[in-house]
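Okay, structure first, notes after.
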Amino acid sequence: MFTIIEFFKSNKKILGKIAACKLVEGFFILLGAAMLVKFIDTAAEKFLFAAFGFFAGRFFLSGLAEKFFARLSTDLQTSFRKKIHAQIFDKEISSGELLTLIFDTLQTSDEFFLKVAPQIFSAIIFLPVFLICAAFTDLLTAIILLMTLPIAPLLLWLIGRATAEKNARAWAELQRLNGEFRELLSAITTLKMFNRIDAGAKKICEASQKSSAATLDVLKLAFVSSFALELITTLSIALVAVTLGLRLVAGGVEFQAALFLLLLAPEFFLPIRKFGVMFHVMISARLSLDRLKKFLYEQEKISGSVKKILMPPEILLNDVSFTYPKKFSPVFEHVNLKFSAGKITALIGESGAGKSTLLKLLAGILQPTTGEIFWNELPTSHMEKNSLLSKVSYVPQAPHLFDASLRENFTMFDTLDDAQLKKFLSALNLSSLDLNSPQKLSRGQLQRLGLIRALLKNAPIILLDEPTAGLDEITEQKVLDLIKKIAPRRTIIIVTHRLPVIEFTDEIIQI
C-alpha cells in the first residue's frame, strides 16, 4: 500500500540533494553576511565581490532545491492519480467529490511542495545552523532568538485550529459546485428541451456564490495569520536590534559582531515569515492529504461470510427494486428471478424495461434500492466487493476503448496468454488487428473486444449486454459459437432482442 512515508523512503536521493542544497545555502548566507561586514569594516572591494558571489550562489541553490521539489510533486501526484483511478469503481463516491479529489485536492498538494515544503526544509536546516553561529558570536542574542522563536509556531497552531473548520466548509461547497455543474452539463439537452436552462444556471450561480463566500472566509484568516506572523517576527528582530544597539553604545559587544547578528536576524526569521504567507496552503494541503488518505486507505466495513461458494453459482433475485439516485420513478419493483447455474440464459423484454440496469446490479456495479441478490444461498451484500467483482465478467453494449495498445485493451493490463488471445481473435475475425499499437475500432469490433476481454478474465459468471447487436449473421454465429465453447461450468446471462440469440440460449427470462 502506497503511503507518504513510503513515497519519501523511495525518494531518499532527491531528499538528500535538497538537504545538501539547503545546508550549503545556509553556509552561503553566513559567509555572505560575514563578507559584507568585512567590506563595511575595511572598505576592501574583494570582500564586496565575495559577498555578492555568496548571495548569488544562495539564490542559485534555492532555485535548484525548488526544481527537486517540483520533481517530488510530480511523482507524488502521479502515484496518487494511479491509486485513485485503480479504486474509482471500488468506492462509493459522488461525481463532485471525485472531481474535487482528482483536480483541486492534488493541485493543493502541488502548491504545498512548491511553496510550503521549501520553507519547512529551510526552517529545519537554517534555524539550528544560524542559532549555533549566533551563540558562538554572542550568547545573549542567541538566547533572545531562542526565546522568541516558539511564539510564531504557537500562533500558527492556534490559527490552524480555527482555519480547519472553514477549510472543510470551503471544500464541501466546492465539491457541491462541481457535482451540480456536472449534473447540469449531463442534462443540458433535457433542460433545453423543457426551457429550464435559466433555472439550472441560477442553481449553479447560487452554488458558486456559496463556494466563493466559504473560500473568502479561509482567505481572511490566511491574511490575519500572515499579518500576525509579520508583526511577531518584526518585533523579534527589533528586540534583537535594540538590545544590540544599547550594548554597542555601552561597549558590551563589538561592532563587527553586532552588525553580523543584525544581518543574520532577518534571515533567521525569514522561513517563519514565509509560513504566514503560505499558511492557508499548508492547512489546505493537510486537509487534502487527509481526504486522500480517507479515500485510498480506509477499508469499507464488511459483514462478509467466509462460506465457500460453489462455482458457477445459481443467481437469485429476491424482491429486488431499484431507483437511480435523485430520481423518483423506480426502474423496476419487486423483481423475483432465478438464473440457473451453468446455463446460458436470455434476458428479454421491451426497451426501457430495465434489462441493462439489472445486468449492472448482477455485476455489482449498482446496489439494489430494496431486496437482495443471492449467489446460491449467500447474499452478495455480505461479500467483499473485490471478491465479488473478480468472479464476474460484465460486457456493456459499448465497451470502453482505453488510450493504450490493443494488447493492453484486451487484457485490461493483466498478464496475457498470447495463445489464448490469438485463438479468440481468430474465432471472431480479428486476427488482422495490430495488437502493439492503439487503433480505432468499429462498433462491431468493440463488441467483440469486450467479449474477448471478458473471456480472458475467465470468471465463472459472464454478463453480456446485446453482444451481437449490429453484427452480420455470419459474425453473430461465430460469436455464439465461441460463447458455446466457453459455456461449460459458467453461468452466462445475455440481454438481447435478437431471435437467433434467444433460440441459442438454454433458458429465457422476460422482464
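Summary table
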quantity: Subset of segment 449-472 (residues that are open to solvent by 30 Å² or more (accessible area, probe 1.4 Å) and touching a Pro at 6+ places or on another chain (Cβ under 9 Å)); calculated: 453
quantity: Tally, over segment 373-417, of residues that are open to solvent by 20 Å² or more (accessible area, probe 1.4 Å), touching a Leu at 6+ places or on another chain (Cβ under 8 Å) and more than 30 Å from residue 470 (Cα to Cα); calculated: 3
quantity: Unique match (being among the aromatic types (Phe, Trp, Tyr), modelled with pLDDT under 70 and more than 30 Å from residue 374 (Cβ to Cβ)) among 223, 279; calculated: 279
quantity: Conditions (1) of a type in the set (Val, Ile, Thr); (2) surrounded by fewer than 20 Cβ atoms within 10 Å (Cβ to Cβ); (3) assigned to a loop (DSSP other than H, G, I, E, B): number failed by residue 475; calculated: (3)
quantity: All positions within segment 14-41 that are modelled with pLDDT under 80 and of a type in the set (Val, Ile, Thr); calculated: 14
quantity: Single residue of 196, 182, 161, 169 found to be open to solvent by 90 Å² or more (accessible area, probe 1.4 Å), touching a Gly at 6+ places or on another chain (Cβ under 8 Å) and either modelled with pLDDT of 75 or more or charged (D, E, K, R) (or both); calculated: 182
quantity: Residue identified as open to solvent by less than 50 Å² (accessible area, probe 1.4 Å) and either out of contact with any Cys (no Cβ under 7 Å at 6 or more places or on another chain) or modelled with pLDDT of 75 or more (or both) among 233, 215; calculated: 233
quantity: Residue match in segment 427-437 (condition: within 20 Å of residue 505 (Cα to Cα) and open to solvent by 30 Å² or more (accessible area, probe 1.4 Å)); calculated: yes
quantity: Flag if residue 356 is in contact with an Asp or Glu (Cβ under 6 Å, 6 or more places away or on another chain), of a type outside the set (D, E, K, R) and under 26 Å from residue 330 (Cα atoms); calculated: yes
quantity: Selection within segment 428-452 - touching a helix residue (DSSP H, G or I) at 6+ places or on another chain (Cβ under 6 Å) and either modelled with pLDDT of 80 or more or closer than 12 Å to residue 395 by Cβ (or both); calculated: 428, 452
quantity: Condition check for residue 505: in contact with a Ser or Thr (Cβ under 7 Å, 6 or more places away or on another chain) and open to solvent by less than 70 Å² (accessible area, probe 1.4 Å); calculated: yes
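Conditions tested, residue by residue: (1) in contact with a Gly (Cβ under 8 Å, 6 or more places away or on another chain); (2) open to solvent by 60 Å² or more (accessible area, probe 1.4 Å); (3) of a type in the set (Val, Ile, Thr); (4) over 23 Å from residue 466 (Cα atoms).
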position	(1), (2), (3), (4)
316	no, no, no, no
321	yes, no, no, no
328	no, yes, no, yes
339	no, no, no, no
349	no, no, no, no
353	no, no, no, no
360	no, yes, no, no
365	no, yes, yes, no
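The values are calculated or read from the model by the stated rules, or taken from the named source; none is laboratory data. What you are looking at is a predicted structure, and each value in this text was computed from that prediction instead of being measured. All Cβ positions, glycine included, derive from the backbone under ideal geometry; neighbour counts span all protein chains shown. SASA here: full protein model, heavy atoms, side chains in, ligands and nucleic acids out. Shrake-Rupley method; radii C 1.70, N 1.55, O 1.52, S 1.80 Å.
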